[in-house]
Amino acid sequence: MTTKLIIDTDPGIDDAIAIFYAAAAPDIDLLGLTTVFGNVTTDQATRNALYLAETAGLTIPVARGAHKPMVIPPHKPSLRVHGDEGLGPLPAPAPTGQAIDQPAAEFLVEMAQKHKGELTVCAIGPLTNIAAAIQKDPYFAKNCAQIVVMGGSVDAGGNITRHAEANIYHDPHAAQLVFASGANVVMIGLDVTHKIRFSPSDFSNVAWEAPRLGGLLQEMSYHYIKFYETVGKFDGCSMHDPTAIVACVQPDAFAFRRTAIDVVTQGEAIGKTVAEPPGVYPAINAAVGADVDRVHDLLHDRLARLP
Ligand code: BDR
Ligand code: CA
């Protein structure tokens, strides 16, 4: 059984790892990529997504998404974390292909209709495109089998601010709309993604086994690990986005809490996700624990099998 998957992404180093992981996973049928601002601008994200897909040998549509948040003015891209072009030290890539004409939200709506009840959408960037798809089609939320969100936290606080995780911070109104939508939302937040880490030797092992694509990931990882040295106080990096992709297909590797999630949309705590009893907002599944070794080893072993 394979899972039909679309990844909504702002690549980004851990996004690149996530996309390569999805390309290598035998239990994933990757149907397309949609792009959004966040780590980089939407133009850079689209270019990077095209490059990553081509490099991984994927012939899949890439649809360009929103270039700014729903309500708040855009924040600067996270270049310090991901590098000037989003892929660590790599120069701006020059993919040969082009994004499809259809905007991301339209593509998502159409794919969810076509694969009704079977499509998993994994959002590993700000949730602007997903919110736009929900607004565009009242059936979108229910047509998706699940919307897996890398973002937020239950008890773990934030990473871009003390309160907020980066993806939610970049568009809190979109996040609030998605958590309120009644879709089968799965939140993979910092409570678990901070625990799934790759060390420099994990990247060397992957590069040794898979010199071409693993080598590329290792090259990108130097920049990401350097950033984590300054903030994380450990030798390695958190595998935020790849962990969310694992959760799409192996949910039994995680422990979930059934809870509603509200999002703070103004003030000092803007972008904070707040777990509260269902009522105003519907219940979703928020990850609060993970089988850390299992997720780590799965990522490691599959990335090592990249071409
Ligand atoms: C999230 O923010 C981005 O920097 C990463 O790509 C990930 O999606 C982690 O907070
Ligand atoms: Ca991301």
Residue, least open to solvent (accessible area, probe 1.4 Å), within the range 165-224, restricted to residues that are farther than 29 Å from Thr128 by Cα and of a type in the set (Phe, Trp, Tyr): Phe203
Residue list for the range 2-20, filter: near ligand 1 (Cβ under 9 Å from one of its atoms) and either within 18 Å of Val249 (Cβ to Cβ) or free of Cβ contacts under 8 Å to residues at least 24 places away in the same chain (or both): Thr9, Asp14, Asp15, Ala18
I want to confirm something. Restricting to the range 15-45 and keeping residues that are open to solvent by less than 10 Å² (accessible area, probe 1.4 Å) and not aliphatic (A, V, I, L, M), which single residue is nearest to ligand 2 (Cβ to nearest atom)? Asp15
Filtered residue count, the range 121-158, keeping only those that are in a loop (DSSP other than H, G, I, E, B) and within 12 Å of ligand 2 (Cβ to nearest atom): 5
Residue tally, condition touching a Pro at 6+ places or on another chain (Cβ under 7 Å) and in a loop (DSSP other than H, G, I, E, B), over the range 159-175: 1
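Restricting attention to the range 167-182, does a residue exist that is over 17 Å from Val264 (Cα atoms) and under 19 Å from the mean Cα position of the chain (by Cα)? Even if it seems obvious, please write down each step before you answer.
Step one: of the range 167-182, the residues over 17 Å from Val264 (Cα atoms) are 182.
The next check asks that each one be under 19 Å from the mean Cα position of the chain (by Cα); those that pass are none.
No, that holds for no residue.
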Looking at the range 35-67, which of its residues are in contact (Cβ under 8 Å) with a residue 60 or more places away in the chain and either touching a Cys at 6+ places or on another chain (Cβ under 8 Å) or in a loop (DSSP other than H, G, I, E, B) (or both)? Val36, Phe37, Gly38, Asn39, Ala56, Gly57, Gly65, Ala66
By residue number, the members of the range 229-249 that are in contact with an Asp or Glu (Cβ under 8 Å, 6 or more places away or on another chain), without any contact (Cβ under 8 Å) to a residue 60 or more places away in the chain and open to solvent by 10 Å² or more (accessible area, probe 1.4 Å) are Glu229, Asp235
Quick check on Glu85: is it in a helix (DSSP H, G or I) and open to solvent by 30 Å² or more (accessible area, probe 1.4 Å)? no
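Does Pro73 satisfy the criteria of being open to solvent by 50 Å² or more (accessible area, probe 1.4 Å) and free of Cβ contacts under 8 Å to residues at least 24 places away in the same chain? Spell out how you get there, then give the answer.
On the way: open to solvent by 50 Å² or more (accessible area, probe 1.4 Å): yes; free of Cβ contacts under 8 Å to residues at least 24 places away in the same chain: yes.
Judged against the criteria, Pro73 is a match.
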Output for the range 108-140, where each listed residue is open to solvent by less than 10 Å² (accessible area, probe 1.4 Å) and away from ligand 1 (no atom under 16 Å from the Cβ): Leu108, Ala112, Leu119, Thr120, Ala131, Ala133, Phe140
Output the residue which, of all residues in the range 272-281 that are touching a Ser or Thr at 6+ places or on another chain (Cβ under 9 Å) and closer than 30 Å to Arg294 by Cα, is surrounded by the most Cβ atoms within 10 Å (Cβ to Cβ). Thr273
Look through Val62, Val81 and report the one residue that is among the β-branched types (Val, Ile, Thr), closer than 26 Å to Lys226 by Cα and either within 16 Å of ligand 2 (Cβ to nearest atom) or within 18 Å of the chain's Cα centre (by Cα) (or both). Val81
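The values are calculated or read from the model by the stated rules, or taken from the named source; none is laboratory data. The structure presented is a predicted model; accordingly, all values stated were derived computationally and were not measured. Every residue, glycine among them, receives a Cβ derived from its backbone with ideal geometry; neighbour counts consider all protein chains shown. To get the accessible areas, we keep the full protein, side chains included, count just its heavy atoms, and leave off ligands, DNA and RNA. Shrake-Rupley method; radii C 1.70, N 1.55, O 1.52, S 1.80 Å.
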